[in-house]
Every structure is written in structure tokens, then in C-alpha cells.
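*Asks:* One structure follows; several queries about it will come next.
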Amino acid sequence: MQSFKNGPVDIAYLDKGEGEPIVLVHGFASSKEANWVHPRWVATLTHAGRRVIAPDMRGHGASSKLYDPAAYHADAMADDVRALLDHLGIGRADVMGYSMGARVTAFLALDHPERVRSAILGGLGLHLVEGVGLPETIADAMEAPSLADVHDAQGRTFRSFAERTKSDLRALAACIRGSRQTLTPVEVGRLEPPVLIAVGTKDDVSGSGAGLAALIPGARLVDIPGRDHMLAVGDRVYKAAVQEFLAERP
């Protein structure tokens, strides 16, 4: 594992393979290993001849844990990815994010379109525009004394996942409270890189993939059949669609 500093924040990352670079940005309460290594995304993409770069986002994995919600603004998290590209001397890369990572990817593509060759938004649909990230009840779930004290169903799902990934629960609560930014329909309509949107057909967290695709000129949509928000990540249909999309980039 390698790391670098973006200002005072330590960002851990992996960098594997050779070829055209792709940056993978994980979801809330996850990590580069849980989101991308264990579901074999890193193996799939390196086998396909790609250089795969995957950071642990601030507050997650082996990166710095921050407890001020303001530190988790989507622009700040997008800047961590921009800084990682600078650190590695990469001018432009494909970027794929899942859930929170897809929100970060969208902000990066809007803030720094020259750095994003294409943007793949997994596990995020119209809630990029209409939502404010995951509900604050999930922050409450992170701060509960134990999982048994969490009675909200979605809160229990994410608290259980956070415990499995051995996450810092207080940092995650701050992340939920601080990363609740959206983009307007006009802003998503200005996204310059080619966009692929992939959402599970049983996903009740992301919002409508078709609804978001309709706002982004030229965006491509893939439905991940029979998958909810948690199980869509490693799905074969998702992987096949991403590889096809990437192969079309000149």
C-alpha cells in the first residue's frame, strides 16, 4: 500500500497494472479492498490491460480519519482524487465511482473535466440531483451504542457493513453529515466526459438511473438485474458493461 498527503490529509491508495489508467472511488463505509479488490474489479481491469488506481477516501480504510463534517464536502473529496492524479503524474484518467464514490466522481468531472477521460457512476441515479446523499439516520446509526440499538432498517444495513469493514464509526457519521451536496440538473447537463450509469434494479438507495441519464446528454444506462445497492458492486453484468464502455474510448 502507498500513500500521499493532500494538505494535512493522508490518502492511502493502491496502484496496480500497466496501461491506460482508471481510478476507482469506493462507496461510503467501504474501502479500496472491500469495494474493488474483493469483488475482483482490480483483477478484472488489470487483466484487461489497465492500470488501476484505487484510493481509500478520507475517513475510510487506511486514510486519515476526520471528525469535522465540513471536511467531507464533495468538492474536498473530489480534490483528493485530483491530487492523487497529480501525485502520480497522470494528466487524465477514466474514473469509476460507486455510490458515494460516484457522487465524488461527478463532482470531479464537473470541477476538472480535463482530468476525467470518462465517468462511470455505479450505484447512483437521480439522487445525485434530487437527494442529499444517504439519510442522516445513517449517521445516527453509526453513533448508536451498538447495532442492537439501531432500529432503522437502512441504518442497520450500513452499520452492519461498517462493522464488517472495521470502519471508524465516528468518522463515518461526520462523513454522512458533511457530504450531502447535490448537483443541479443544469450542472449534470454540463458534464463533458462520456458517462455510464449503472444501477441495480432492486436498488432503493440510488434513485432512478434512467432519470439521471435523461439529464446528461449522451449518457449510457445499464440496469444491473436483480441486484440491490449492496450486491450490485461485483455483478457480471456491471463488469461487462464497464469493460465494453471503456473499450470504446479512443
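All of the numbers you see were taken from the coordinates with simple rules; none came from a lab. Treat the numbers as computed from the prediction; the structure is a model and nothing was measured. Don't worry about glycine lacking a Cβ; one is built from the backbone with ideal geometry, like all the others, and counts go over all protein chains shown.
*Asks:* Output the number of residues of segment 215-231 satisfying the condition of being over 22 Å from SER30 (Cα atoms), of a type outside the set (Asp, Glu) and assigned to a strand (DSSP E or B).
*Replies:* 3
*Asks:* Also: So is SER64 hydroxyl-bearing (Ser, Thr, Tyr), touching a residue at least 60 places away in the same chain (Cβ under 8 Å) and under 22 Å from GLU163 (Cα atoms) or not?
*Replies:* no
*Asks:* What number of residues within segment 86-129 are buried (at least 21 other Cβ atoms within 10 Å of the Cβ), assigned to a loop (DSSP other than H, G, I, E, B) and at negative phi?
*Replies:* Final tally of qualifying residues: 3.
*Asks:* Sort out which residues of segment 139-172 are under 21 Å from ALA71 (Cβ atoms), out of contact with any Leu (no Cβ under 8 Å at 6 or more places or on another chain), buried (at least 22 other Cβ atoms within 10 Å of the Cβ) and not polar (S, T, N, Q), and write them in order of number.
*Replies:* Residues satisfying the conditions are ALA141, LEU172.
*Asks:* Further, regarding this structure: Looking at (1) assigned to a helix (DSSP H, G or I); (2) closer than 27 Å to PRO135 by Cβ; (3) of a type in the set (A, V, I, L, M, F, W, C), which is the one condition that is false for ALA43?
*Replies:* (2)
*Asks:* Going by the conditions given, is LEU172 touching a helix residue (DSSP H, G or I) at 6+ places or on another chain (Cβ under 8 Å), under 30 Å from GLY19 (Cα atoms) and either part of a strand (DSSP E or B) or hydrophobic (A, V, I, L, M, F, W, C) (or both)?
*Replies:* Criteria not met by LEU172.
*Asks:* Going through VAL81, VAL23 one at a time, which residue ends up being crowded, with 23+ Cβ neighbours inside 10 Å, touching a residue at least 40 places away in the same chain (Cβ under 8 Å) and in a helix (DSSP H, G or I)?
*Replies:* Residue meeting the stated conditions: VAL81.
*Asks:* Hey, another quick one. For segment 113-128, check the following and say yes or no: at least one residue is under 30 Å from PRO250 (Cβ atoms), without any contact (Cβ under 8 Å) to a residue 60 or more places away in the chain and among the charged types (D, E, K, R).
*Replies:* Yes: one or more hits.
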